[in-house]
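This report concerns only the one structure given below.
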Amino acid sequence: MAYDPNNIFARMVRGEIPCVKVFEDAETLAFMDIMPQSDGHTLVIPKVAGENLFETAPESVAAAIRTTQRVARAVQRAFSAPGVVVTQFNGQTAGQTVFHLHFHVIPVYTAGAWRPHARDKADPLVLEAHAARIRAALGG
Ligand code: 5GP
């Protein structure tokens, strides 16, 4: 499948649609998942176009992983999460629904218990409050 430059994450990078941002640098962006699988579920993307892990330049993947590590540490601290899952899907069959490379950072509070993937929208005010906690943990 050809990369769609109008996918939702590409539009966030261009500032065409809003997201609840927790971190941004020249190469990457991290923001709250609107259908979080647990409280604090954050997504990290490289800014460059790339459908998945295979279609993105290694340097951009490396930048995204650096940000993922940093954000995952902050999420763990902000929510005192005993566990954190990092996932990344390639292709519809694997569960990918947005075709711009992204890493999920999902805090886990009870073994094996998190909400279904991309199903229930969170209250925007709750997402904003969670993002504030992560931003504070990133700064500290
Ligand atoms: P995938 O299924 O491709 O691995 O993950 C896509 C993720 O993007 C899902 O977890 C879904 O909840 C999230 N998502 C879908 N649309 C939006 C949106 O408009 N804004 C945000 N912040 N997340 C979204």
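Considering only residues in the range 87-109 that are part of a loop (DSSP other than H, G, I, E, B) and under 22 Å from A74 (Cα atoms), the one that is farthest from the ligand (Cβ to nearest atom) turns out to be Y109. Is it fair to say V84 is within 15 Å of the ligand (Cβ to nearest atom) and either buried (at least 16 other Cβ atoms within 10 Å of the Cβ) or β-branched (V, I, T) (or both)? The answer is no for V84. Scanning the range 110-134 for residues that are touching a strand residue (DSSP E or B) at 6+ places or on another chain (Cβ under 6 Å) and either loosely packed, with under 14 Cβ neighbours inside 10 Å or over 13 Å from F79 (Cβ atoms) (or both) yields a single hit, L127. Just one of the listed residues (H104, H100) is within 22 Å of G15 (Cβ to Cβ) and either crowded, with 16+ Cβ neighbours inside 10 Å or hydroxyl-bearing (S, T, Y) (or both), namely H100. May I ask you to list pairs of residues, at least six apart or on different chains, whose Cβ atoms are under 9 Å apart, with the first in the range 121-140 being modelled with pLDDT under 95 and the second being assigned to a helix (DSSP H, G or I) and among the small types (G, A, S)? Listed pairs, sorted by first residue: G139/A74; G140/A74.
Quick check on this structure: which one of G91, G40 is on the phi > 0 side of the Ramachandran plot and in contact with a helix residue (DSSP H, G or I) (Cβ under 8 Å, 6 or more places away or on another chain)? I'd like the intermediate steps shown before the answer.
On the way: G91 fails: in contact with a helix residue (DSSP H, G or I) (Cβ under 8 Å, 6 or more places away or on another chain).
Exactly one residue qualifies, and that residue is G40.
Do we find that A72 is touching a strand residue (DSSP E or B) at 6+ places or on another chain (Cβ under 6 Å), more than 12 Å from the ligand (Cβ to nearest atom), closer than 17 Å to F31 by Cα and of a type in the set (G, A, S) in this structure? Here the answer is yes, as A72 does meet what is asked.
Scanning the range 54-62 for residues that are closer than 19 Å to I8 by Cβ and within 11 Å of the ligand (Cβ to nearest atom) turns up nothing. For V48, the conditions (1) touching a His at 6+ places or on another chain (Cβ under 8 Å); (2) β-branched (V, I, T); (3) more than 22 Å from I134 (Cβ to Cβ) are fulfilled apart from (1). The number of residues in the range 11-43 being out of contact with any Lys or Arg (no Cβ under 9 Å at 6 or more places or on another chain), within 12 Å of the ligand (Cβ to nearest atom) and not polar (S, T, N, Q) comes to 7.
Against the criterion of being without any contact (Cβ under 8 Å) to a residue 24 or more places away in the chain, more than 24 Å from A136 (Cα to Cα), away from the ligand (no atom under 14 Å from the Cβ) and of a type outside the set (V, I, T), G112 qualifies.
The values are calculated or read from the model by the stated rules, or taken from the named source; none is laboratory data. Treat the numbers as computed from the prediction; the structure is a model and nothing was measured. Neighbour counts are summed over all protein chains in view; Cβ atoms, including those assigned to glycine, are modelled from backbone coordinates with ideal geometry.
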